[in-house]
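The values are calculated or read from the model by the stated rules, or taken from the named source; none is laboratory data. Just so we're clear, the structure is a prediction, and the values are computed from it rather than from any experiment. Ideal geometry is used to build each Cβ from the backbone, glycine not excepted, and the neighbour counts take in all protein chains shown.
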Amino acid sequence: MRYDPARVTYRKLLDVFWRHVDPTDPGGQFVDRGSQYRTGIFFHNEEQKVLAEQSKEELDQSGRFDKLIVTEIIPFSKFYRAEDYHQGYNKTCPVPYKSYRFNSGRDQFLEKVWRDSKTGIGESKKDTKYSRPGDEVLCQTLTPMQYEVTQKAGTEPPFKNEYWDNKKPGIYVDIVTGEPLFSSLDKFDSGTGWPSFTKPLDTDNIMEREDKSLFTVRTEVMSKHGDSHLGHVFSDGPMPTGLRYCINSASMRFIPKENLEKEGYGQYLKLFQEDR
């Protein structure tokens, strides 16, 4: 199977990888012993290297494992194709595959480590305030447009989205996790047909990374805890930042100023004291 960045982000691949291995074992994996079974991430370019190292560091600091993360991150050099009987083994030989997973201790280990987590790698066991639900839940709770935008890096139509011309005071939170993202105090009319902001409300909830998907280099904006695609940031905004965070309405939920306290965002009321 080949990696298609148009279908899944590299960050998501890293998240899935960590959830299927014991990254603290330098001598193999479960009953399979030897250096040939140790975990490793092979990067093709500098961007993948940075993302892999960042993901590893976040997992190491999360407290999910009691031991040090020892997975190597090394440059790709050559691909060795596994024997034919290994190709799609979980589908061609489902019974021995499931038996191996259970009897090797892999299933029990992964269940113990990850049973309480539906979130991204960067969150610790105790950091569940802004938890990302599983894909099955997201498919049921998000509209098709919200899912397309947040989970598949889609883009909604300009001027035909919920918040492009919203002028009410309040804050915008991640539609997936509820983490605070932007404030109406930093919102401006960019003329593009999408909600635009000069800066995030809380930079700790925002991630930025390079996006080369449209034959040009852009900076993608994502939510940290939800790993949701939000939009892109450009350097053609107004002062004082000179930035334009161009965000999809479908990636956010708006909470009016008068509902902040009721919905658990009372700490942001002080931002709007002058408007009362």
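If you go through the stretch 228-276 and keep only what is under 26 Å from GLU148 (Cβ atoms), touching a helix residue (DSSP H, G or I) at 6+ places or on another chain (Cβ under 6 Å) and of a type in the set (A, V, I, L, M, F, W, C), you end up with LEU230, ALA250. Within the stretch 137-180, track down each residue that is within 18 Å of the chain's Cα centre (by Cα) and of a type in the set (Val, Ile, Thr). Passing the criteria: VAL137, THR141, VAL149, THR150, THR155, VAL173, ILE175, VAL176, THR177.
Among the residues of the stretch 22-45, those that are more than 21 Å from ASP227 (Cα to Cα) and either in a helix (DSSP H, G or I) or among the aliphatic types (A, V, I, L, M) (or both) comprise VAL31, SER35, GLN36, TYR37. Against the numbered list (1) under 16 Å from PHE254 (Cα atoms); (2) without any contact (Cβ under 8 Å) to a residue 40 or more places away in the chain; (3) of a type in the set (D, E, K, R), ASP204 comes up short only at (1).
For ASN161, the criteria (1) touching a strand residue (DSSP E or B) at 6+ places or on another chain (Cβ under 9 Å); (2) under 16 Å from PHE254 (Cβ atoms) hold in every case but one, which is (1). Can you find, within the stretch 177-223, the residue that is surrounded by the most Cβ atoms within 10 Å (Cβ to Cβ) among those that are part of a strand (DSSP E or B) and of a type in the set (D, E, K, R)? The extreme case among them is LYS187.
Among the residues of the stretch 231-251, which ones are aliphatic (A, V, I, L, M) and closer than 11 Å to THR155 by Cβ? Across the stretch 231-251, the qualifying residues are ILE247, ALA250.
Among the residues of the stretch 61-69, are any on the phi > 0 side of the Ramachandran plot and within 21 Å of the chain's Cα centre (by Cα)?
Among the residues of the stretch 61-69, at least one is on the phi > 0 side of the Ramachandran plot and within 21 Å of the chain's Cα centre (by Cα), which makes the answer yes.
Does TYR10 satisfy the condition of being surrounded by 13 or more Cβ atoms within 10 Å (Cβ to Cβ) and of a type outside the set (A, V, I, L, M, F, W, C)? When the stated conditions are applied, TYR10 passes them. Run VAL95 past the list (1) modelled with pLDDT under 85; (2) of a type in the set (A, V, I, L, M, F, W, C); (3) closer than 21 Å to ARG209 by Cα and report the number of the one that doesn't hold. Unmet condition: (3). Cβ-Cβ distances below 6 Å connect the following pairs, each with a first residue in the stretch 172-187 that is acidic (Asp, Glu), a second residue that is part of a strand (DSSP E or B), and a separation of six or more residues or different chains: ASP174/LEU181; ASP174/SER223; GLU179/SER223; ASP186/PHE197.
Being in a loop (DSSP other than H, G, I, E, B) and either in contact with a Cys (Cβ under 6 Å, 6 or more places away or on another chain) or more than 12 Å from ILE41 (Cβ to Cβ) (or both) is the filter here, so list the residues in the stretch 1-21 that pass it.
Kept after step one, since they are in a loop (DSSP other than H, G, I, E, B), are these residues of the stretch 1-21: 1-9, 19-21.
Within the stretch 1-21, MET1, ARG2, TYR3, ASP4, PRO5, ALA6, ARG7, VAL8, THR9, ARG19, HIS20 qualify.
Counting only helices (runs of 4 or more DSSP H) wholly contained in the stretch 69-116, no element carries 3 or more residues that are surrounded by fewer than 13 Cβ atoms within 10 Å (Cβ to Cβ) and outside the structural domain of ARG38 (by TED's automatic domain parsing).
Pairs, please: C-beta under 6 Å, at least 6 apart or cross-chain, first residue of a type in the set (A, V, I, L, M) and in the stretch 246-271, second crowded, with 22+ Cβ neighbours inside 10 Å and not in a strand (DSSP E or B)? Hits for this filter: ILE247/PRO195; ALA250/GLN146; ALA250/VAL149; MET252/ILE175.
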